[in-house]
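Comments concern the structure below.
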Amino acid sequence: MRPLTEDESKAVFTKLANYIVLYPFLIQDLRNEPYCFRLHRDRVFYVSESSMRLGISVARPNLVSLGTCFGKFSKSGKFKLHITSLDYIAKYAKYKVWIKPNGEMPYLYGNHILKAHLGRITEDTPEHQGVVVYSMKDVPLGFGVTARSTVDTRKLDPTAIIVFHQADVGEYLRDEETLF
Amino acid sequence: MDVSGLIASHAAKFQSVTVEKDTPPEVDVGFLIVTDLNPIDEESYGADLESHLQKLARDGTQALISKLFSLPTTPSPDGPVAQLPPPTTQIPRSKPLPKPKPPTKWERFAAAKGIQKKVREKKIWDEEKQEWVNRWGKDGKNKEKEEQWITEVPLNADVNFDLVKVARDARKERVAKNEKQQLQNLKRAQGTSSNTLEERKKQIERTVATTRISTASMGRFDKRLEGEKKLKGVKRKFDPAEAPADAERNASLALLNKMESDAKKTRREPDAQDSVLNVRKAVRFASKGRGALALAKDSRSKSRNAKGSRKSR
């Protein structure tokens, strides 16, 4: 376990900046405690300072996980965000998409969001923008990337893809072994 | 009339001038230092430390001041002035002793052979002139042959044999040789100091490392020499894992600021909302999805064709 280097933090922050406003996220104190990023076996964890200190005393091969896994670095050094980070991302999301109840199931099975399933979308969402997907009851379901801007979606036919699927909470069941 | 009280008070008044100790304290008036060599009285030390120390200090000061006042004085407009005697206390050197110069090659040889150093006098007796002349330098004895008004030529000498030149060349050669030896001694003296030796070693290692990866395969498929060590790469260094989270947050905020300012510096494509026309999409539509390059090529060839057809007409 170690802190991120500058390049690694840059990769993480640029990825996060697609979905959230970074500044309030970075200065937040959860449960009156500062949080920090730690890297362990290519995975980035968002940990409270106290659990980080406890984790220091665990030997590297014995440490499986700590805090919340935000994602992992690929071998080529790219950062991939995991669904486990959804709780934090949903809190500071810039652009949101709500899907109708009949679209929830297809999305949770890993499909893209079609226009027919689109309930609401944040106004003036640009093209290829990271968005957080919610159900109509405001339960965060995952995140993805918009295929079209809000203005363009109006003219599309119902089967057109609006949001490309990136991660959804169904992964908790589908990718249980590799996720954390 | 009872004067015993008066006498006692008088005695008490002057008792403070005397210092009574088993060994009188050593006073160095030059440095104004008093050294009390008496062993510490355990009883009074244990009973009341403060008063014991005060008494000790008072005794020392009193001894010094009585010594000062016993010095001979000279009157001056500001009052009597006493000259302090030179100090007697030995004070340690502030700087370390200078290191001995490393011996020259000759000195080492002489030491090994047990040759004693002889001091050669600068002047030498000249039989002909009947006076002392310099061994070298101005009108030196070593330039005798060059400066004499007549020179002896050996029997089977060359036609243009010049004794002056030969003697001068030999002398100059000796000077040059000596200078060379001096330089070599200096170089040897520098080389022996451990610091430069270490540096030199590092430098050589760096050079070897550079040459080893300076082949077409970056040293991957080169033949290994015997006793060649594996190259050590640069070890990555990370921040300590136990750094406080606050410090880390500040660092990440600084990084965020930097990233934002970098993003502002690079030119960005104008937002789709700013202009009515989405250029990218327009290009895609006009080129039927083949991109801007294909579109440009098409338009160029079209115009060329049009020109050509006009000419042929």
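Looking at segment A:27-68, which of its residues are at the interface with another protein chain (Cβ under 10 Å from one of its Cβ atoms), open to solvent by less than 40 Å² (accessible area, probe 1.4 Å) and within 20 Å of residue B:240 (Cα to Cα)? Within segment A:27-68, A:34, A:35, A:36, A:37, A:38, A:39, A:40, A:47, A:48, A:49, A:52, A:55 qualify. For segment B:189-219, filtering for residues that are touching a residue at least 24 places away in the same chain (Cβ under 8 Å) and open to solvent by less than 80 Å² (accessible area, probe 1.4 Å) leaves 1. Taking the criterion of being under 17 Å from residue A:158 (Cβ atoms) and open to solvent by less than 80 Å² (accessible area, probe 1.4 Å), the residues of segment A:113-126 that qualify are A:113, A:114, A:115, A:116, A:117, A:118, A:119, A:121. With respect to the conditions (1) surrounded by 12 or more Cβ atoms within 10 Å (Cβ to Cβ); (2) modelled with pLDDT of 90 or more, residue B:72 lacks only one, and its number is (1). Every residue in segment B:140-156 that is modelled with pLDDT under 90, part of a loop (DSSP other than H, G, I, E, B) and surrounded by 12 or more Cβ atoms within 10 Å (Cβ to Cβ), please. Listed by number, the residues that qualify are B:148, B:151. Among the residues of segment A:73-85, some residue qualifies, meaning at least one is assigned to a strand (DSSP E or B) and closer than 18 Å to residue B:238 by Cβ.
Of note, residue B:67 does not satisfy the criterion of being among the basic types (Lys, Arg) and modelled with pLDDT under 90. Take the residues in segment B:14-47 that are of a type in the set (A, V, I, L, M, F, W, C) and over 48 Å from the mean Cα position of the chain (by Cα); name whichever of them is least open to solvent (accessible area, probe 1.4 Å). Result: B:19. Restricting B:101, B:95 to residues that are in contact (Cβ under 8 Å) with a residue 24 or more places away in the chain, under 30 Å from residue B:182 (Cβ atoms) and part of a loop (DSSP other than H, G, I, E, B) narrows the list to B:101.
Inside segment B:84-117, residues that are surrounded by 10 or more Cβ atoms within 10 Å (Cβ to Cβ) and more than 21 Å from residue B:24 (Cβ to Cβ) make up a count of 11.
When residue A:71 is tested against (1) open to solvent by 50 Å² or more (accessible area, probe 1.4 Å); (2) away from chain B (no Cβ under 11 Å), just one condition goes unmet, and that condition is (1).
In segment A:83-100, of all residues being surrounded by 20 or more Cβ atoms within 10 Å (Cβ to Cβ) and touching a helix residue (DSSP H, G or I) at 6+ places or on another chain (Cβ under 7 Å), the one that is nearest to residue A:27 (Cα to Cα) corresponds to A:84. State yes or no: is residue B:243 open to solvent by less than 90 Å² (accessible area, probe 1.4 Å) and either assigned to a helix (DSSP H, G or I) or more than 14 Å from chain A (Cβ to nearest Cβ) (or both)? Considered against the rule, which asks whether it is open to solvent by less than 90 Å² (accessible area, probe 1.4 Å) and either assigned to a helix (DSSP H, G or I) or more than 14 Å from chain A (Cβ to nearest Cβ) (or both), residue B:243 comes out as no. Among the residues of this structure, residue B:227 counts as one that is in a loop (DSSP other than H, G, I, E, B) and among the small types (Gly, Ala, Ser).
If you go through segment A:3-16 and pick out every residue that is open to solvent by 20 Å² or more (accessible area, probe 1.4 Å) and facing chain B (nearest Cβ under 8 Å), you end up with 4.
The values are calculated or read from the model by the stated rules, or taken from the named source; none is laboratory data. Everything numeric here is computed off the predicted structure, so don't read it as measured data. Quick reminder, even Gly has a Cβ in these numbers, built from the backbone with ideal geometry, and neighbours come from all protein chains shown. The accessibility values were calculated without ligands, DNA or RNA, using every heavy atom of the protein model including side chains. Shrake-Rupley method; radii C 1.70, N 1.55, O 1.52, S 1.80 Å.
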